[in-house]
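Some notes on the structure that comes next.
The values are calculated or read from the model by the stated rules, or taken from the named source; none is laboratory data. Quick caveat, the model's predicted, so the values are computed rather than measured. Because the Cβ atoms are built from the backbone with ideal geometry, glycine has one as well, and the counts that use them run over all protein chains shown. Note: accessible area is taken over every heavy atom of the protein model, side chains too, but ligands, DNA and RNA are not part of it. Shrake-Rupley method; radii C 1.70, N 1.55, O 1.52, S 1.80 Å.
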Amino acid sequence: MEAPTAWVITVSDRCSAGEAEDRSGPAVAALLAEAGFEVTGRHLIPDVVDEIRALLREAADTVVVPNVRA
């Protein structure tokens with residue numbers, strides 16, 4: 001069975017501008033990896049609604065729903 005996949009998206013004006021270090025994104029990615037997930041996307045973006053919306057749409061387009069029959 002393939003590992004489930006996940007994206008980590010950090011939304012921070014200061015971190016995306018290089019004014020602060022993003023510590024939460026790498027920490028979440030590590031926790032997901034420890035839980036058996038393959039982190040296939042890591043993104044650091046500013047707190048701008050259109051950018052957030054676009055990235056969430058991109059992430060949603062990568063979702064693969066398995067064909068499971070009961």
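Here are a few things to note about the model shown:
- Neighbourhood charge, 14 Å Cβ-Cβ cut-off, centred on residue 54 and excluding it, Lys, Arg +1 and Asp, Glu -1: -3
- About the Cα centre, charge dipole magnitude for the chain (Lys/Arg +1, Asp/Glu -1 at Cβ), debye: 260
- Taking only alpha carbon atoms, the chain gives an Rg to Rh ratio of 1.06, where Rh is the Kirkwood radius.
- The mean accessible area for residues of segment 1-52, using a 1.4 Å probe and ignoring ligands and nucleic acids, is 70 Å² per residue.
- Local charge for residue 41 was computed over the other residues whose Cβ lies under 14 Å away, with Lys and Arg +1 and Asp and Glu -1, and equals -1.
- Long-range amide H partners of residue 8 with built H, under 5 Å: 41, 42, 43
- Applied to segment 12-26, the Karplus parametrisation 6.51 cos²θ - 1.76 cosθ + 1.60 on θ = phi - 60° returns per-residue 3J(HN,Hα) values of 7, 5, 5, 5, 5, 8, x, 8, 8, 8, 7, 9, 6, x, x Hz, with x for Gly and Pro.
- Zone of residue 47's modelled label, taken as backbone nitrogen in segment 1-36 under 19 Å from a point 7 Å along Cα→Cβ: 9-26
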